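J.: Questions regarding the structure given below will be posed in turn.
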Amino acid sequence: MTRPVHSSLPIPARPDSHGSSRSGRHRARPVFLLGLVLVLVAVLSTSVGSARRASAATFSLSVTSPSLVFHQGSGGVVLGSSAASVSWRIADEKDATVRTGTSWMSQGKATINVADLGPGYYQLSLHAGSSTDPTDLRTSFAVIEPVPGSLVNASSPFGAAVHIGRTGWGLNVLDEAKKVGIAHVREDAWWNQFETAPGVYTFPAAFTAKIDRIQSLGLTPLIIANGANPLYDNGRTPSSPEGIAAFGRFAAALLDHYGEDNVEVLNEYNGGTFNTSVCGTSAACYLEVLKGVHQAVKASNPNAKVVAPATIGIGNCVKADGTKCFAPDLIDRGGLNHLDAYSVHPYHYPGGPEWMGGSGDTIAGLRQRIRDANGGQDKPIVLSEMGWPTDTGHGTTELQQADNLVRLYAVGLANGVTRVYWYDLVNDGTDPANKEHNFGMLRQPVVATAENPVSVTANAPKPALVAQAVTARMIAGRTYAGSDAVVAPARSARFANGTGTTRVLWATSAKDVVVRATGPVTLTDSYGRRTVREPTDGQFTLSLGVSPVFAEGPVTSVVG
């Protein structure tokens, strides 16, 4: 879906110190002073113009590292500048200074070594030139512990929505995704770009390059059979028997050509943004399209997985007039017989994800409705879009976005979600006030201009990217194993495998809990930093807040 603070953006231009406003109130002056006034105005105008030219950035300044996501113990940030030297400051996610220094350019380049930094999210401020004639640039980088490649597999719950080919989205971002433990990517295949004559398919080179790169990295694509086609239904979302049958054949052709098994059927059909069907936005209308895709795809590949209905919101409700919302209507009409996984987009910003575990129009409520209609059995639930924008108008900071990412996985997996596709991998623009530009884990590259000669080659990380890497390393390969005896606002989720249990602990407002353990407990924060707590008389008090902590070790219980 198109949804699209500090960015890998240049520091904003400084206000002109000569440009302050003055009062418009003047007393009458004799006419003979007019010539003198005009002369003074001309002199002042010349002075202001000179000052503006002098304050324009003289030196170029760039960060040319191909990636700004470093494995701990290696790497450096590569700088470029026409200045002789660049001073710099590295700060943590809370803007506390980690270190400062000056790098002298050699043939216009220098490197800031980061190999000795511990795991974390880091802000980098660069300054070239004198205090009266500077060029400034701010960006960010991440230091992470490697996520084992064995954890990036088809059973992983970690995914992200991508828009490869849009401005700022190169194929390289897929490498960054794998680096932080993302195993699945969701991408649109627009029908009109593939079927250019009735029954004749072409496969665009750009889309093929995306799939090739995804497959070469060992990631799993979820291809969205999306859009409409001017060959059918007057170019509107398919609704006629002919259009629906053609759309189903298109979905099957996608999977056959690329050798893939996962397809999602349209996007947010129940909303008015993407659905132009003359039939409308109802579950009854969608079901016909779903049946067409299911029939065509399964006939071609019985092992294919059909993911649907990709609703905006969950829609698990009954209206006051007794009318069913989308989920119960689709399910009661037999929709579960035509899908292998039930997908929703439960956006709820700026609030946190904890609501999803409640009853009613929630993930837990949807899971129960599916069980009730499916002989007590689950169907996989996929959040094929979910995220928080960090634009200036929606009340979520970048640090809160990172916190919500960890909490989303804990709450979702505890309530039957099998996979989450974070929306989205990269910011879709550079406007800090535009919601659609600010959902990403990575920023847009920065392109130099004549007025502001600064650039950043790579997609710099936001704090959420670091939290993603830590979460993948801590709980991938483990399954949800229950919660502890804590009460709101405290939260707990246990994830276990054959070797031990990792707990995710947090509180929606400050709360102390008691951790009981038979030995030392390792606590890891969302940025990968570890501390070890030794129990006294078999326990210790842990202060929880909105930023989750992962607890590992011989914990017997958590109460409070």
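The values are calculated or read from the model by the stated rules, or taken from the named source; none is laboratory data. As the structure is a computational prediction, the values presented were derived from the model and not from experiment. For neighbour counting, all protein chains shown are included, and Cβ atoms are generated from backbone atoms with ideal geometry for every residue, glycine included. Just so you know, the surface numbers come from the protein's heavy atoms only, side chains and all, with ligands and any DNA or RNA stripped out. Shrake-Rupley method; radii C 1.70, N 1.55, O 1.52, S 1.80 Å.
J.: Within the range 286-313, how many residues are open to solvent by less than 10 Å² (accessible area, probe 1.4 Å), farther than 17 Å from P328 by Cα and touching a His at 6+ places or on another chain (Cβ under 6 Å)?
T.: Residues in the range 286-313 being open to solvent by less than 10 Å² (accessible area, probe 1.4 Å), farther than 17 Å from P328 by Cα and touching a His at 6+ places or on another chain (Cβ under 6 Å): 1 in total.
J.: Give A225, A246, A206 a once-over and let me know the one that is open to solvent by 20 Å² or more (accessible area, probe 1.4 Å) and of a type in the set (A, V, I, L, M).
T.: A206
J.: How many of the residues making up the range 335-347 are open to solvent by 20 Å² or more (accessible area, probe 1.4 Å) and either touching a helix residue (DSSP H, G or I) at 6+ places or on another chain (Cβ under 8 Å) or assigned to a strand (DSSP E or B) (or both)?
T.: Counting residues in the range 335-347 that are open to solvent by 20 Å² or more (accessible area, probe 1.4 Å) and either touching a helix residue (DSSP H, G or I) at 6+ places or on another chain (Cβ under 8 Å) or assigned to a strand (DSSP E or B) (or both) gives 1.
J.: Report yes if R89 is modelled with pLDDT of 95 or more, under 23 Å from T397 (Cβ atoms) and among the basic types (K, R), otherwise no.
T.: So R89 passes the test.
J.: Also, quick follow-up: Looking at V446 and the list (1) within 21 Å of D95 (Cβ to Cβ); (2) open to solvent by less than 10 Å² (accessible area, probe 1.4 Å), which single condition is not satisfied?
T.: Only one criterion in (1) within 21 Å of D95 (Cβ to Cβ); (2) open to solvent by less than 10 Å² (accessible area, probe 1.4 Å) is unmet by V446, namely (2).
J.: On the given criteria, is I211 closer than 23 Å to V265 by Cα, open to solvent by less than 50 Å² (accessible area, probe 1.4 Å) and out of contact with any helix residue (DSSP H, G or I) (no Cβ under 9 Å at 6 or more places or on another chain)?
T.: The answer is no for I211.
J.: Return the total of residues in the range 102-121 being open to solvent by less than 20 Å² (accessible area, probe 1.4 Å) and under 24 Å from P134 (Cβ atoms).
T.: 4
J.: Then there is this: Would you mind telling me which numbered condition in (1) open to solvent by 10 Å² or more (accessible area, probe 1.4 Å); (2) closer than 25 Å to I381 by Cβ; (3) of a type outside the set (A, V, I, L, M); (4) modelled with pLDDT of 95 or more E264 fails?
T.: Here E264 meets the rest and fails (1).
J.: Of the residues L413, L408, L399, which single one is in contact with a strand residue (DSSP E or B) (Cβ under 8 Å, 6 or more places away or on another chain), surrounded by fewer than 21 Cβ atoms within 10 Å (Cβ to Cβ), more than 23 Å from D175 (Cα to Cα) and modelled with pLDDT of 95 or more?
T.: L413
J.: Of all residues in the range 450-488, which are surrounded by fewer than 24 Cβ atoms within 10 Å (Cβ to Cβ), closer than 19 Å to V549 by Cβ and polar (S, T, N, Q)?
T.: S483
J.: Among what's in the range 369-396 and is of a type in the set (S, T, N, Q) and open to solvent by 60 Å² or more (accessible area, probe 1.4 Å), pick the residue that is modelled with the highest pLDDT.
T.: Q377
J.: When you look at L366, is it in a helix (DSSP H, G or I), open to solvent by less than 10 Å² (accessible area, probe 1.4 Å), under 25 Å from A476 (Cα atoms) and touching a strand residue (DSSP E or B) at 6+ places or on another chain (Cβ under 8 Å), yes or no?
T.: yes
J.: If a residue must be over 30 Å from R236 (Cα atoms) and open to solvent by 20 Å² or more (accessible area, probe 1.4 Å), how many such residues does the range 171-190 contain?
T.: Looking only at that region, the number is 5.
J.: Let me ask something additional. Is there any pair with a first residue in the range 251-278 that is assigned to a loop (DSSP other than H, G, I, E, B) and a second that is acidic (D, E) and at pLDDT 95 or above whose Cβ atoms are under 7 Å apart and which are 6 or more apart or on different chains, and what are they?
T.: F274/E268
J.: Can you name every residue in the range 314-325 that is open to solvent by less than 60 Å² (accessible area, probe 1.4 Å) and either modelled with pLDDT under 95 or in contact with a His (Cβ under 7 Å, 6 or more places away or on another chain) (or both)?
T.: G322
J.: Further, regarding this structure: What are the residues in the range 378-396 that are β-branched (V, I, T) and in contact with an Asp or Glu (Cβ under 9 Å, 6 or more places away or on another chain), if any?
T.: V382, T390
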